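Asker: The structure is given below, and queries will be raised subsequently.
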Amino acid sequence: MRTVSVSMAAIVLTAVLAAGCRDHECARYSMPENKIQPLFSPDSSLVLTVPQVEDSLGHLFWRITIADTTGAVVYVDTESEFVGNLNVYWKWDPDGRVWLYNSDDGIIHFYSDEPGRWQHAVYGPVGNPLEQGLPEPPDGLLPGYIHETGQ
């Protein structure tokens, strides 16, 4: 009888813990590092989110959105069309740039704050920057199925 009670208690405890992990904070810690949102900048002054938004035709797109800590939006990339039914991955680098890997086309993008105005730049395919002198994407940007060399 005691064995059944201990087993039942273990089952109940497991169910309670699993149910408790459905909230936002618990789910946040089970997400891969390159999918967590909101994601604070290295100096904690900015917050990155990458929501899916729907256009007037019902198409979904991922949108890079950067806000300050009060929630005031300082930048939204409304020009890029990162298709919402595919996947994107994002990460801050130590210099305060936002990086995004688009799984649709394998292209890496980055966003930097150039004196008061955010700039979007295309880095290029994994391991092959479009031009010399571009900063390097941060470790951990790419999904686990892709090596940092693009192979």
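The values are calculated or read from the model by the stated rules, or taken from the named source; none is laboratory data. Since the structure is predicted, the reported quantities are computational estimates derived from the model, not experimental observations. Here the Cβ positions follow ideal geometry from the backbone for every residue, glycine too, while neighbour counts run over all protein chains shown.
Asker: For the subset of the range 123-151 comprising residues that are surrounded by 15 or more Cβ atoms within 10 Å (Cβ to Cβ) and not small (G, A, S), which member is farthest from the chain's Cα centre (by Cα)?
Answerer: Residue satisfying both the conditions and the ranking: P129.
Asker: Output the residues belonging to the range 76-127 that are free of Cβ contacts under 8 Å to residues at least 12 places away in the same chain and in contact with a Ser or Thr (Cβ under 6 Å, 6 or more places away or on another chain).
Answerer: The one that is free of Cβ contacts under 8 Å to residues at least 12 places away in the same chain and in contact with a Ser or Thr (Cβ under 6 Å, 6 or more places away or on another chain): Q119.
Asker: Anything in the range 71-91 that is buried (at least 20 other Cβ atoms within 10 Å of the Cβ) and either not assigned by TED's automatic domain parsing to the domain that holds F110 or not charged (D, E, K, R) (or both)? List them, or say none.
Answerer: If the condition is that a residue be buried (at least 20 other Cβ atoms within 10 Å of the Cβ) and either not assigned by TED's automatic domain parsing to the domain that holds F110 or not charged (D, E, K, R) (or both), then F82, V88, Y89, W90 are the ones that fit.
Asker: Moving on to the next point. Look at S56 and say whether it is part of a loop (DSSP other than H, G, I, E, B) and either in contact (Cβ under 8 Å) with a residue 24 or more places away in the chain or small (G, A, S) (or both).
Answerer: yes
Asker: Filter the range 29-53 for residues that are closer than 18 Å to L86 by Cβ and in a loop (DSSP other than H, G, I, E, B) and give the result.
Answerer: Selection gives M31, P32, Q37, V50, P51.
Asker: Go through the range 59-79 and report how many residues are part of a loop (DSSP other than H, G, I, E, B) and of a type outside the set (S, T, Y).
Answerer: Qualifying residue count for the region: 7.
Asker: Which condition number in (1) touching an Asp or Glu at 6+ places or on another chain (Cβ under 9 Å); (2) surrounded by 15 or more Cβ atoms within 10 Å (Cβ to Cβ) is the one that I36 fails?
Answerer: (1)
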